[in-house]
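Novice: Just passing along the structure, written as structure tokens.
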Amino acid sequence: MSFGTRFKTASRAQLRRMSTPPSGASPEAIWHQFYDTQNYLTGATTNLVFFAAPNADRTLTNLETGGQLSDPQWLSIYDITCDFLTQNTSQAAGVLGELNDLSLLLKVGRPTWTLTISDKNYGPYSLTTLHGTGGPVGAIDAGTLAVGIQYANNTLSPGWNYKGSLIIPPKTSFRISVAWSAAQATTLATVPIRLSLFGILSRRVV
């Protein structure tokens, strides 16, 4: 990607028209991400429910109201993503770590996800269809290290996309549930998992 090579100018009148709704009742529409984070506990968790409750920590969830959108907000869903917020770990040779944890939580445990809107289910579908949003990129010189260092991210390939065909209306219950066939014994005692809904958010113009 190159910056500054593709742009177009607009007059003040054009900018005013583009930034002002045609009527007071028309909403503004923006690309938006709703996210929620839940903890997977090693050897114990078999089911997690996302977007069910707000959280004072805005780095964990940005949903204002538990299980629904505030009025008047509408979300046309495009992408659904899954990130594992693990910390890079080091361990002695032969000790399993972060990469193995993601394999357990994505494949071995046969996890599925189900989107529910107003008690109507979409799914279950395999969790491997939900891909990540990003992660660290780097290299390690292991020539003088006595331990192994692991880092892992969910694949960044294009994943699940509803292309706007599903809409969450305001004050309508919704959630995403993730279920595993059995509790997985991860190396990390707690694995934070973040699910995100990306799409077009229509909201009141203030």
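The values are calculated or read from the model by the stated rules, or taken from the named source; none is laboratory data. Values in this document were obtained by computation on a predicted structure and should not be read as measured data. Neighbour counts are summed over all protein chains in view; Cβ atoms, including those assigned to glycine, are modelled from backbone coordinates with ideal geometry.
Novice: Condition (residue is at pLDDT 95 or above, buried (at least 18 other Cβ atoms within 10 Å of the Cβ) and not small (Gly, Ala, Ser)) applied to the range 144-153: is it met by at least one residue?
Specialist: No - not one qualifying residue is present in the range 144-153.
Novice: Any residue in the range 163-172 that is part of a strand (DSSP E or B), at pLDDT below 95, over 30 Å from Trp74 (Cα atoms) and not polar (S, T, N, Q)?
Specialist: No, the range 163-172 contains no residue that is part of a strand (DSSP E or B), at pLDDT below 95, over 30 Å from Trp74 (Cα atoms) and not polar (S, T, N, Q).
Novice: Is it true that some residue in the range 5-21 is outside any loop (DSSP other than H, G, I, E, B), surrounded by 10 or more Cβ atoms within 10 Å (Cβ to Cβ), modelled with pLDDT of 90 or more and of a type in the set (A, V, I, L, M)?
Specialist: No, the range 5-21 contains no residue that is outside any loop (DSSP other than H, G, I, E, B), surrounded by 10 or more Cβ atoms within 10 Å (Cβ to Cβ), modelled with pLDDT of 90 or more and of a type in the set (A, V, I, L, M).
Novice: Next up: With (1) modelled with pLDDT of 95 or more; (2) surrounded by fewer than 19 Cβ atoms within 10 Å (Cβ to Cβ); (3) not aliphatic (A, V, I, L, M) as the list, and Gln184 as the residue in question, which single condition is left unmet?
Specialist: Result: Gln184 fails condition (2) only.
Novice: If you don't mind, another one. Here is a check on your reading of the model: is Tyr35 of a type in the set (Ser, Thr, Tyr) and over 14 Å from the mean Cα position of the chain (by Cα)?
Specialist: Details: of a type in the set (Ser, Thr, Tyr): yes; over 14 Å from the mean Cα position of the chain (by Cα): no.
Answer is no for this residue.
Novice: So is Ala25 outside any strand (DSSP E or B) and either modelled with pLDDT of 95 or more or of a type in the set (A, V, I, L, M) (or both) or not? Break it down into steps so the answer makes sense when it comes.
Specialist: Values: outside any strand (DSSP E or B): yes; either modelled with pLDDT of 95 or more or of a type in the set (A, V, I, L, M) (or both): yes.
Yes, satisfied.
Novice: So which residues in the range 27-64 are in contact (Cβ under 8 Å) with a residue 12 or more places away in the chain and charged (D, E, K, R), if there are any at all?
Specialist: Glu28, Asp36
Novice: Residues in the range 84-113 that are part of a strand (DSSP E or B) and either modelled with pLDDT under 95 or over 20 Å from Val191 (Cβ atoms) (or both): how many?
Specialist: The total comes to 4.
Novice: Considering only residues that are aromatic (Phe, Trp, Tyr) and not in a loop (DSSP other than H, G, I, E, B), look in the range 40-83 and name the one that is farthest from Ser173 (Cα to Cα). Outline the logic, then answer.
Specialist: The initial filter retains those residues of the range 40-83 that are aromatic (Phe, Trp, Tyr), namely 40, 50-51, 74, 78.
Now narrow it down to the ones that are not in a loop (DSSP other than H, G, I, E, B): 40, 50, 74, 78.
Numbers: Tyr40: 24, Phe50: 12, Trp74: 12, Tyr78: 18 Å.
Only one residue fits best here, namely Tyr40.
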